[in-house]
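Here's the structure we're looking at; comments come further down.
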Amino acid sequence: MRILRQARYEPARVVGGYTDRILRVDLGRQEIAIQELPPDFKDKYVGGRGYALKLIWDGTTRQTRYDTADNILVMASGPLGNEPGFPGTGKFIVGTISPLTDTFVDSNVGGHFGPLLKLAGFDAVAVSGVSREDVVILVDGDAGSVSIAAAPHYDGEADEGSLSFGEKLLKDAGGGEYSDSLAAVTVGKGARNTRFGIVNSLFYDRRRNRIRCKQAGRGGTGTVMRFKGLRGIVVRSSLSKANGNNAVDREAVRQAGARLKEVISDCDHKQLNLGAWGTTGLSEYMDKFHLFPINNYQYGQSPESSRLFAKVFLEGYFSKKMPDGCYYGCNLACAKGAEGVELTRGPRAGRKVNVDGPEYETVGSVSCMGIFDPHFVLEYNWYCDEYGLDTISTGVTAAFFMECFQRGFLTAEDVGYELTFGNIEAADRLVHEMASGEGFGRVAGQGVARGKKWVAQKYAARHGTSEQAVMAELNKFGMEVKGLEFSLYVTKESLAQQGGYGFALKGPQHDEAWLIFIDQVHKELPTFEHKANALKWFPLIRTWFNATGLCKLPWIDVRNPEAAGTSEPAKNIPTLEYYVKYLNGTTGSKKKLEDVLDDSERLYILQKLINLRQGKGTRASDQIPLRAMGPAYLNEYESRAEYYDKWLQEQPGGDKLPASPEQRHRLLMEKRMQAYQQLCDIVYEKKGFTSDAIPRRETVRTFGLMDDQAKRLLDEFGV
Amino acid sequence: MGHALKMTVSIEFLGMQRAITKTNKIDMAITRRTRVIDALEHVRREYPDLHLDERTVLITVNQEMAALDTLLNANDTVSFLPSIGGG
């Protein structure tokens, strides 16, 4: 590789989960620097999320957009991100100003990159500037060097792809062989041509003897990386991964890890069976309770859904009886994969490929387009990974345009073909067009929020109506909040989850709050007060996992039997106590769960301040589409009229139902809209915000965040 | 002389449970005193490999949450679901 700039360094040793160093790379100036952090930095801004938030808060302005040179792309693990003795470590986050939301987004991803970066001596890598030519960054902890190199050219496919480029890059860096001392992150052409490009995290899996990948999928972090001219980052360290965090109290960590491994080993196969089925097991349960998105979330259940249940993927595709952890030592091992899948469509038709996944979200993205073909799910999964596209935003955006077509807002002339629900050929074509930035893909690649404006202009011009009127209609079913597309759960019947999506600071992704089951099925949140408490507590603990380098599935999707004896079993507190012990054993702290929640709340408030600065922080930005609250159109109401009528009858004053279905539908939606606004009021109060969702001064002060920028910002908003 | 109608409930199996039981549902005869716990014991006897743990399953009757001592009525559908917390 042609080295453009190189710097030597002495790798810092990890102590208690941290190195107190950030690798700073300015691609515009081709500068490489090491930022030494004061010891108390990590206490205030915990791990991956904390580092990224603080760098973005200090280093960007309200004018910063995804494609301005001052935008910073941060990749950071946390203090708990490298311990094979504890299940579910190895995670890191990619954080930046998003091309979809224009505010901070972070996406949590597995693989070996985060742990190896830490072993190479860095808590985080932060990339700013825009390179004049395509480059890669090489972080070599063994050699003690950081290099900016011209991106190598391999062949036409690899030069455009993310997986194929990463495979060749890793082999190149390994001197012709794969090695588990190496890991990479890469982007593909989909990141160049859409706003929802992903960052793939690639690593060598000895058991499968191939490169595998996980994705930082949400919010367009790959688009930022690609815009910077950064095709990939390779990191190398041959240091032992055992006790990778260099824990202060190794025995305490060992004990906590052993307890959690025991719970997983005893319980997972009796519960969701993630170890065998991965997250595809969710499809069936979601369908059962009308939560599985069909035809752009119009419906939550379909007679055809069973074609996408876990059994189909297990028997037809997944390599069986093979532990599939995305990092060493995880005995939940839910990262499923399939070898030798033959592509039947697209430019690589006829080729056999290895697929990592599918995850539930990818399955739901395909059902959202009204497609129930499992083989298409595998193909869609692989192409999105190879192009570097978020399967969620790709599918939800395609589904939005399909509904525009269904309702007459789009025509075949606009698209170039019949973009109808269930039309595999059209969906497939659109994916390739998005990745290439060709045809209608140029429009679709901008996502739902910008797609709505395009459709409104087009339709208004054609029909001589106002754009505003068209937008009002599109806002009913354009499934985005703050510019980010919804993840794949139908929220119509769970007010708590409507809030879970609406209040989520990055936009409607479920990693802040997934309350559907405890609200809609368990009925554990009967009042607004219950829902508001859950909407404060769950986001704090769930995002703490992202801050510390952990996967949350071993906690949230494997119920510890001891939780049955607690006041709120859904919080699975007995398992959370293992995590607190793991934290204290690693860092030497003496924290309790309440302290962990405070640490997380500081980051939450900081992210809220960034949102406010970027124009996405007030009540208006938390509003959700009508479809997220209930049946937006009569056809949806009629598909479950009996259920909805019963719901209406159970409401205060519901003994007299209006006569016509149209009137009942209207009344239903009025009540749903009122309920959401009431929820906003209560949740904001609970979180220490004003009724316009702005943090109160005492809230900001409590967490030590009242710097000059925060003061000016709150002054502007009159708080 | 008419025969008394036999009262039954359905116990349905989803996901991993179906893979083990090889069936979508079974019927169970009940009396006016049969409770959810009796259905759970019935499934345990019929399918010991399921390892149903009352501390971790979510019990629903006709898709509504129920407790172990909930009385069953004819034609009810009982499910023992895993806890799902969302990824």
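Hey, among the residues in the range A:556-576 that are without any contact (Cβ under 8 Å) to a residue 12 or more places away in the chain and in contact with a helix residue (DSSP H, G or I) (Cβ under 6 Å, 6 or more places away or on another chain), which one's nearest to A:F545 (Cα to Cα)?
A:P569
Answer yes if at least one residue in the range A:400-419 is within 20 Å of A:N354 (Cβ to Cβ) and either of a type outside the set (D, E) or not assigned by TED's automatic domain parsing to the domain that holds A:G300 (or both), and no otherwise.
For the range A:400-419, residues within 20 Å of A:N354 (Cβ to Cβ) and either of a type outside the set (D, E) or not assigned by TED's automatic domain parsing to the domain that holds A:G300 (or both): absent.
Residues to consider are A:A469, A:A532; find the one that is free of Cβ contacts under 8 Å to residues at least 40 places away in the same chain and not charged (D, E, K, R).
Just one listed residue meets the conditions, A:A469.
List pairs: first in the range A:178-198 and under 13 Å from A:G161 (Cα atoms), second surrounded by fewer than 21 Cβ atoms within 10 Å (Cβ to Cβ), Cβ under 7 Å, 6+ apart or cross-chain?
A:G188/A:E160; A:K189/A:E160; A:K189/A:S436; A:N193/A:S436; A:N193/A:G437
Determine, yes or no, whether B:V78 is buried (at least 17 other Cβ atoms within 10 Å of the Cβ), hydrophobic (A, V, I, L, M, F, W, C), under 21 Å from A:L272 (Cα atoms) and away from chain A (no Cβ under 11 Å).
It is true that B:V78 is buried (at least 17 other Cβ atoms within 10 Å of the Cβ), hydrophobic (A, V, I, L, M, F, W, C), under 21 Å from A:L272 (Cα atoms) and away from chain A (no Cβ under 11 Å).
Would you check if there is a residue in the range B:2-18 being modelled with pLDDT of 95 or more, of a type in the set (D, E, K, R) and under 23 Å from A:Q520 (Cα atoms)?
Yes: one or more hits.
Filter the range B:33-62 down to residues that are within 20 Å of B:M7 (Cα to Cα), part of a loop (DSSP other than H, G, I, E, B) and at pLDDT 95 or above and give me whichever is farthest from the chain's Cα centre (by Cα).
B:R33
Scanning the range A:430-489 for residues that are part of a helix (DSSP H, G or I) and among the β-branched types (V, I, T), which turns out nearest to A:V366 (Cα to Cα)?
Only one residue fits best here, namely A:V431.
Just one of (1) within 12 Å of chain B (Cβ to nearest Cβ); (2) of a type outside the set (S, T, N, Q); (3) outside any helix (DSSP H, G or I) trips up A:P554, so point out which.
(3)
With in contact with a Pro (Cβ under 9 Å, 6 or more places away or on another chain), of a type in the set (A, V, I, L, M, F, W, C) and modelled with pLDDT under 95 as the only criterion, which of A:L314, A:L308, A:L272, A:L239 stands out?
Exactly one residue qualifies, and that residue is A:L272.
Return a yes/no flag: does the range A:368-378 have any residue that is farther than 19 Å from A:R307 by Cα, out of contact with any Asp or Glu (no Cβ under 6 Å at 6 or more places or on another chain) and not assigned by TED's automatic domain parsing to the domain that holds A:E636.
No; the residues of the range A:368-378 include none that is farther than 19 Å from A:R307 by Cα, out of contact with any Asp or Glu (no Cβ under 6 Å at 6 or more places or on another chain) and not assigned by TED's automatic domain parsing to the domain that holds A:E636.
Modelled with pLDDT of 95 or more, in contact with an Asp or Glu (Cβ under 8 Å, 6 or more places away or on another chain), away from chain B (no Cβ under 12 Å) and not in a loop (DSSP other than H, G, I, E, B), is that true of A:K581?
No: the conditions fail for A:K581.
On the basis of being buried (at least 22 other Cβ atoms within 10 Å of the Cβ), more than 20 Å from A:D142 (Cα to Cα) and not aromatic (F, W, Y), does A:L80 make the cut?
yes
If we only count helices (runs of 4 or more DSSP H) wholly inside the range A:251-365, which ones have 1 or more residues that are more than 10 Å from every other protein chain (Cβ to nearest Cβ), out of contact with any Asp or Glu (no Cβ under 6 Å at 6 or more places or on another chain) and under 29 Å from A:E493 (Cα atoms)?
So the answer is A:310-316.
The values are calculated or read from the model by the stated rules, or taken from the named source; none is laboratory data. None of the values given here were measured: they were computed from a predicted structure. Here Cβ is always computed from backbone atoms with ideal geometry, including for glycine, and neighbour counts include all displayed protein chains.
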